[in-house]
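The values are calculated or read from the model by the stated rules, or taken from the named source; none is laboratory data. Being a predicted model, the structure only gives us computed values, none of them experimental. Counting neighbours? That spans all protein chains shown, and the Cβs are built from the backbone with ideal geometry, glycine included.
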Amino acid sequence: MKSVSMTENRPTAYVCENFVCQLPTNDPTKLAQLLGGKGPLLR
């Protein structure tokens with residue numbers, strides 16, 4: 001398995017399903033989209 005780390009020195013999410021991972025993100029809106037949400041996690 002490839003090691004995971006922060007990007008841009010910020011906490012980073014790695015969303016994976018069935019052994020396939022999306023590109024890492026540290027954007028809350030993008031993370032919500034990857035998790036199936038419609039809007040930002042933080043308001």
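What to note about this one:
- Looking across the stretch 14-31, the residues that are out of contact with any Leu (no Cβ under 8 Å at 6 or more places or on another chain) and either more than 15 Å from Val4 (Cβ to Cβ) or touching a residue at least 40 places away in the same chain (Cβ under 8 Å) (or both) come down to Glu17, Asn18, Asp27, Lys30.
Results for (1) in a loop (DSSP other than H, G, I, E, B); (2) at pLDDT below 90; (3) of a type outside the set (Asp, Glu); (4) in contact with a helix residue (DSSP H, G or I) (Cβ under 8 Å, 6 or more places away or on another chain), shown as yes or no for each residue.
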residue: Lys2; (1), (2), (3), (4): yes, yes, yes, no
residue: Ser5; (1), (2), (3), (4): yes, yes, yes, no
residue: Leu23; (1), (2), (3), (4): yes, no, yes, no
residue: Leu31; (1), (2), (3), (4): no, no, yes, no
residue: Gly36; (1), (2), (3), (4): yes, yes, yes, no
residue: Gly39; (1), (2), (3), (4): yes, yes, yes, yes
residue: Leu42; (1), (2), (3), (4): yes, yes, yes, yes
